[in-house]
Amino acid sequence: NGALRGELGWERTFELIPQISGDCEFSKDCIQSTDGPPRTLLLGNSHAGHLFIGLQAAGAERFAWIDPLVPWETPLDGSGQLELERIINLTDIETVIIGEYWGKPGGPSVDLGAFQLTIDFLVSRKIRVLILNGLPVAEVSPSACKYGVPIRAGARRCDFPSAGSDSLVLPYQQFLSELSQRSSNVHIVDSYGLFCDAQTCRIGDSGDIW
């Protein structure tokens, strides 16, 4: 997310998505890849939407993202869950990938009970669920990593201590781990571990933004 915002800008990122997608037939505010009815659904806020570009670049097939369908965000009125059930009934979705802002300062806008109900519903329909476990909150700018800091041309800075992001993201890891133990169809994707180890987070290397 930080890399996309830094390199493309928030608006530019979401300008690109319509250029590589088409409208869904089964829901408004929905986009899908142009290669046929979706088998994979990206579920969540912009943290799920950002994955659309990556999946397309990686050659993934038949996927869709619905914005702003986030059944577990507060305040809750039940409409998001009903809409998700309607979509599952109308489509041949086999896999749901969930992206959520677990590292949001002040805590994510997630009702954990509603999140669990969403997962239980998907499992009951024999759908494979992949949940990304978060991303670090970048404490360095992507431009400083790729191009270097202004006062020291070429001196790139891509890493920062992980303690700040750990304090935001790690409290939710036990909850996610327990969810994955409820069913063999629920898998936690260690997106956080791709960027951070026990001491340091890194958003790029040698001028490349991850």
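The values are calculated or read from the model by the stated rules, or taken from the named source; none is laboratory data. Quantities reported herein were computed from a predicted structural model and do not represent experimental measurements. Glycine gets a Cβ as well: all are built from the backbone with ideal geometry, and neighbour counts include every protein chain shown. In case anyone asks, the SASA skips ligands and DNA or RNA and just uses the protein heavy atoms, side chains included. Shrake-Rupley method; radii C 1.70, N 1.55, O 1.52, S 1.80 Å.
Per-residue 3J(HN,Hα) values for segment 102-109, derived from phi via the Karplus relation 6.51 cos²θ - 1.76 cosθ + 1.60 with θ = phi - 60°, read 5, x, 5, x, x, x, x, 7 Hz in sequence order (x marks Gly and Pro). Take the Cβ-Cβ distance between A60 and S143 as r, set R0 to 35 Å, and report the resulting FRET efficiency rounded to the nearest 0.05. FRET efficiency, A60 to S143: 0.80. Of the accessible area of segment 62-194, computed with a 1.4 Å probe over protein heavy atoms only, carbon and sulfur atoms account for 52 percent.
Placing +1 on the Cβ of every Lys and Arg and -1 on the Cβ of every Asp and Glu, with no other charges, gives segment 75-132 a dipole of roughly 140 debye about its Cα centre.
Accessible surface calculations at 1.4 Å, restricted to protein heavy atoms, place the chain at 51 Å² per residue. Matching the structure-derived semi-axes √(5λ) of the Cα gyration tensor in Å against the labelled list (1) 25, 23, 17; (2) 44, 27, 13; (3) 31, 21, 14 gives the label (3). Per residue, the convex hull around the alpha carbon atoms of segment 23-62 comes to 68 Å³. Once the Cα-Cα distance is subtracted from the 0.36 nm per residue extended length, the N89 to D190 segment shows a gain of 33.4 nm.
What lysines could a cross-link reach from K146, if we take a straight Cα to Cα line under 27 Å and drop same-chain neighbours fewer than 8 places away? By straight Cα distance, K146 reaches K104.
The simple spin-label model puts a point 7 Å past each Cα toward its Cβ; for D208 and R39 those points are separated by 2.9 nm.
Straight-line cross-link reach from K126 at under 27 Å between alpha-carbon atoms covers these lysines, not counting any fewer than eight positions away in the same chain: K28.
Here is how the number arises for the chain: DSSP H runs of 4 or more residues each give -39500 (n - 2.57), the sum is divided by the residue count, and the result at 222 nm is -11000 deg cm²/dmol. Of the trypsin sites (Lys or Arg not before Pro) found in segment 104-210, the ones in coil according to DSSP and having at most 11 other Cβ atoms within 10 Å of their Cβ are K126, R152.
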